[in-house]
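*Asks:* Sending over a structure as structure tokens; questions will come in a sec.
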Amino acid sequence: MADNESLVPGFDDAKDAGIKISLNKIDGMPNCLSVILDGYIDTYNSNFFLKQLNKIVDAGFVNLAFNCYSLNYISSTGIGSFITFLKLVKPKGGDIVLVEIQPKVFEVFQLLGFLQFFNIRNSTDEAIEYFKTGATQTMNSVFPKVFACPICQKKLKALRSGKFRCSECKSILAVDGQGQVFRG
């Protein structure tokens with residue numbers, strides 16, 4: 001594991017109490033980093049987060065796997081930071097993948113309707129495979145799954161199995177690995 005400064009010079013010059021960002025080079029993948037997020041991203045630290053991401057791109061890394069296991073909160077402004085960053089790397093041939101995303105953070109992405117913009121995988125190995133296959137791999141032939149909420153009939157989209165909240169009636173729903181929908 002390399003330290004942040006050896007991968008991105010000047011990366012550790014600034015700090016924020018709300019979010020700690022650690023970097024790991026992904027071996028065998030050019031221009032690819034694992035970015036480990038610990039803390040939260042909100043209105044108050046989203047500019048810091050974006051400045052750090054810009055340093056990463058300026059250092060030549062455009063394929064990033066964001067490990068969100070320790071990211072325990074994200075606001076709509078934080079999601080906006082990811083959108084801004086995605087718009088920065090896509091024209092350079094890059095992409096981002098969110099890995100090990102916490103259910104409560106996933107729910108914010110879902111409730112705000114931003115899941116369609118992001119690739120979400122269960123592990124860094126799945127993210128690496130995604131980057132290796134030129135982002136053409138699908139996670140599972142069942143997903144993304146479009147379905148009607150069994151309570152209110154609102155059309156919803158699940159990118160993976162798990163628990164979800166209907167954006168219309170707020171019911172908790174569960175989608176299994178075969179795409180079956182149940183009340184949560």
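*Asks:* I'm trying to understand the selection: among the residues of region 27-38, which are open to solvent by 10 Å² or more (accessible area, probe 1.4 Å) and β-branched (Val, Ile, Thr)?
*Replies:* Passing the criteria: only ILE36.
*Asks:* Evaluate region 8-23: report whether one residue or more is within 20 Å of GLY94 (Cα to Cα) and either without any contact (Cβ under 8 Å) to a residue 24 or more places away in the chain or open to solvent by 30 Å² or more (accessible area, probe 1.4 Å) (or both).
*Replies:* Yes - at least one qualifying residue is present in region 8-23.
*Asks:* I've got another one for you. Got a sec? Which of GLU100, GLU129 is at pLDDT 85 or above and in contact with a Phe, Trp or Tyr (Cβ under 9 Å, 6 or more places away or on another chain)? Let's see the steps before the verdict.
*Replies:* Values: GLU129 fails: in contact with a Phe, Trp or Tyr (Cβ under 9 Å, 6 or more places away or on another chain).
From the options GLU100, GLU129, the qualifying one is GLU100.
*Asks:* Considering only region 171-180, how many residues are modelled with pLDDT under 85, farther than 19 Å from ILE101 by Cβ and surrounded by 14 or more Cβ atoms within 10 Å (Cβ to Cβ)?
*Replies:* Number of matching residues: 1.
*Asks:* Further question on the same structure: Is it fair to say ILE41 is buried (at least 20 other Cβ atoms within 10 Å of the Cβ), over 24 Å from ASP125 (Cα atoms), at pLDDT 95 or above and of a type in the set (Val, Ile, Thr)?
*Replies:* On the way: buried (at least 20 other Cβ atoms within 10 Å of the Cβ): yes; over 24 Å from ASP125 (Cα atoms): yes; at pLDDT 95 or above: yes; of a type in the set (Val, Ile, Thr): yes.
The answer is yes for ILE41.
*Asks:* Filter region 62-74 for residues that are surrounded by 17 or more Cβ atoms within 10 Å (Cβ to Cβ) and touching a strand residue (DSSP E or B) at 6+ places or on another chain (Cβ under 7 Å) and give the result. Break it down stepwise before answering.
*Replies:* Just the residues of region 62-74 that are surrounded by 17 or more Cβ atoms within 10 Å (Cβ to Cβ), to begin with: 62-68, 71, 74.
Those that are surrounded by 17 or more Cβ atoms within 10 Å (Cβ to Cβ) and touching a strand residue (DSSP E or B) at 6+ places or on another chain (Cβ under 7 Å): ASN63, LEU64, ALA65, PHE66, ASN67, CYS68, LEU71, ILE74.
*Asks:* Restricting to region 24-38, count the residues that are modelled with pLDDT of 95 or more and farther than 18 Å from SER123 by Cβ.
*Replies:* Total meeting the criteria: 0.
*Asks:* Hey, another quick one. Residues of region 16-47 being of a type in the set (A, V, I, L, M), in contact with a helix residue (DSSP H, G or I) (Cβ under 8 Å, 6 or more places away or on another chain) and part of a strand (DSSP E or B), which ones? Walk me through it before giving the result.
*Replies:* Within region 16-47, the subset of a type in the set (A, V, I, L, M) is 17, 19, 21, 23, 26, 29, 33, 35-37, 41.
Filter once more, so that each one left must be in contact with a helix residue (DSSP H, G or I) (Cβ under 8 Å, 6 or more places away or on another chain): 19, 21, 23, 26, 29, 33, 35, 41.
ILE19, ILE21, LEU23, LEU33, VAL35, ILE41, listed by residue number.
The values are calculated or read from the model by the stated rules, or taken from the named source; none is laboratory data. These numbers come from a predicted model, not from an experiment. Using ideal geometry, Cβ is built from the backbone for each residue, glycine included, and neighbour counts are taken over all protein chains shown. These area figures cover heavy atoms from the full protein model, side chains too; ligands, DNA and RNA do not enter into them. Shrake-Rupley method; radii C 1.70, N 1.55, O 1.52, S 1.80 Å.
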